[in-house]
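Asks: What follows is a single structure, and I will ask about it in a moment.
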Amino acid sequence: MTEAVTKAYELAKERYAEIGVDTEKAIEALKKVKLSIHCWQGDDVLGYLFPEQNLTGGISVSGNYPGRAKTANDLRNDLRQALSVIPGKHKVQLHSIYADTEEKVDLNELEPRHFQSWVDWAKEEGVGLDMNGTFFSHPKSESGFTLASADKEIRDFWIAVGKSSRRIAESFGRSLGQQSVNNFWIPDGYKDNPIDKLSPRLRLIESLDEIMKEKIPEKYTIEAVEGKLFGTGVESYTVGSHEFYEAYALTRGKLWTIDAGHFHPTEDVSDKFSAFLPFGKGLMLHVSRPVRWDSDHVVILDDALIRITRALVRDNELDKTNIGLDFFDATINRLAAWVVGSRDTLKALLMAFLAPIEELKKTELEGDYTKRLALTEELKSYPFGAVWDYYCQESGVPVGASWLKEIRNYENKVLINR
């Protein structure tokens with residue numbers, strides 16, 4: 001296959017050169033991208049701190065495919081296997097509930113030492129670590145409110161959880177030498193129409209400000225805040241809406257997290273990047289695939305994903321954007337879900353790099369919309385797949401669907417025995 005892949009690449013290289021695209025530069029640009037791969041696909045968002053706690057917070061996982069990671073060590077082994085067939089060097093996102101400790105410790109008591117095994121593993125694998133404070137699947141979240149709760153005792157508990165997540169994220173950045181993004185998402189809201197929509201938001205502002213009060217060098221960690229349209233059980237009112245967090249990010253100098261599944265089905269999230277970034281510090285993306293709504297399907301190479309990566313590349317927004325994945329599907333092999341989602345996101349980025357962007361912008365500026373349409377349509381049939389295969393080959397990972405054989409072997413040797 002090596003010779004065939006190289007020959008196909010050389011032909012593709014010539015084709016792209018005819019329209020002014022340097023495939024080598026596109027590959028080099030792709031190498032610089034670090035995806036933040038979410039650990040929770042591997043164990044159905046259950047974590048290891050409270051193994052008996054049910055998943056709550058308006059989210060759910062479908063399916064019961066064999067091989068769920070039962071321990072943190074299982075999860076790390078699964079991630080290692082998945083990363084081995086994904087080209088490039090990336091990051092892994094953790095949640096508070098993925099602390100790896102034999103101590104009986106609550107969310108508000110977590111410290112960096114409870115994640116030391118993750119740091120050691122990340123050093124071995126050459127990956128970074130991002131963080132998410134867990135504000136769900138806990139007795140103190142059963143009322144449907146955490147940081148926006150009217151009960152000060154409840155708020156104080158979750159404020160401590162948020163502060164803990166910042167200390168842990170800072171330790172990741174210091175230990176691994178790369179900035180750790182610490183994402184905040186809370187499920188607070190009402191199932192039915194509330195009378196008072198303002199007070200919960202004022203409480204949320206106060207809680208977040210208290211969490212962020214300590215100044216931590218952004219060299220090590222930076223916070224991102226994530227909104228949502230609604231969740232199961234909070235259909236009528238979400239405290240942390242998109243408008244709320246966009247305003248909070250702008251006024252507090254934080255990243256705004258855009259999850260592709262958290263908007264109305266007809267909204268194009270890629271159009272929001274260029275509207276926010278001229279004013280905002282930066283973005284954290286959670287690349288997901290909503291089907292009719294926030295169902296967190298495995299990311300595929302569809303139009304929505306292509307629009308997301310195209311917007312980031314064409315408007316030079318990658319330097320201010322962190323690209324993370326966020327989906328969980330237990331109806332299929334969980335490692336395969338990671339691989340499909342990650343490789344497709346990278347493919348979409350490569351497609352975006354393989355375009356005569358300056359020529360297209362010049363054509364648009366000149367008002368030649370006929371040429372703009374013709375060129376963008378022709379690009380759709382250019383041989384980007386040959387460039388992708390070559391990139392995989394040069395990165396030492398399987399070309400085409402051959403990666404599935406390795407995942408199947410791992411399933412037969414490891415997953416099936418759990």
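Asks: Which one of the conditions (1) hydroxyl-bearing (Ser, Thr, Tyr); (2) within 16 Å of the chain's Cα centre (by Cα); (3) within 27 Å of Glu170 (Cβ to Cβ); (4) in a helix (DSSP H, G or I) does Tyr248 fail to meet, given that it meets all the rest?
Replies: Among (1) hydroxyl-bearing (Ser, Thr, Tyr); (2) within 16 Å of the chain's Cα centre (by Cα); (3) within 27 Å of Glu170 (Cβ to Cβ); (4) in a helix (DSSP H, G or I), the lone unmet condition for Tyr248 is (2).
Asks: So if I check each of Gly128, Gly173, Gly144, which one is farther than 30 Å from Leu35 by Cα and buried (at least 16 other Cβ atoms within 10 Å of the Cβ)?
Replies: Only one candidate passes the filter, namely Gly144.
Asks: Can I ask one more? All but one of (1) under 15 Å from Ala352 (Cβ atoms); (2) aliphatic (A, V, I, L, M); (3) surrounded by fewer than 21 Cβ atoms within 10 Å (Cβ to Cβ); (4) within 16 Å of the chain's Cα centre (by Cα) hold for Leu285; state the number of the condition that does not hold.
Replies: (3)
Asks: Go through Phe328, Phe273 for me and flag whichever is closer than 16 Å to Asn183 by Cβ and among the aromatic types (Phe, Trp, Tyr). I'd like the intermediate steps shown before the answer.
Replies: On the way: Phe273 fails: closer than 16 Å to Asn183 by Cβ.
Answer to the selection: Phe328.
Asks: Return the residues of segment 280-302 that are out of contact with any Gly (no Cβ under 7 Å at 6 or more places or on another chain), over 15 Å from Asp329 (Cβ atoms) and not in a strand (DSSP E or B); say none if nothing qualifies.
Replies: Gly280, Gly282, Arg292, Leu301, Asp302
Asks: Would you check if Phe263 is farther than 24 Å from Leu350 by Cβ, surrounded by fewer than 19 Cβ atoms within 10 Å (Cβ to Cβ) and hydrophobic (A, V, I, L, M, F, W, C)?
Replies: no
Asks: I need the full set of residues from segment 220-236 which are in a strand (DSSP E or B) and at pLDDT 95 or above, in order please.
Replies: Thr221, Ile222, Glu223, Ala224, Val225, Glu226
Asks: While we're on this one: Hey, does segment 224-233 have a residue that's among the charged types (D, E, K, R) and surrounded by fewer than 18 Cβ atoms within 10 Å (Cβ to Cβ)?
Replies: No - not one qualifying residue is present in segment 224-233.
Asks: Give the residue, chosen from Leu360, Leu312, Leu318, Leu305, that is at pLDDT 95 or above and either over 25 Å from the mean Cα position of the chain (by Cα) or under 27 Å from Lys7 (Cβ atoms) (or both).
Replies: Selected residue: Leu360, the only one of Leu360, Leu312, Leu318, Leu305 that is at pLDDT 95 or above and either over 25 Å from the mean Cα position of the chain (by Cα) or under 27 Å from Lys7 (Cβ atoms) (or both).
The values are calculated or read from the model by the stated rules, or taken from the named source; none is laboratory data. This structure is a prediction, so every number in the text was calculated from the model and none was measured. Methodologically, a virtual Cβ is constructed for each residue, glycine included, from the backbone with ideal geometry; neighbour enumeration extends over all protein chains shown.
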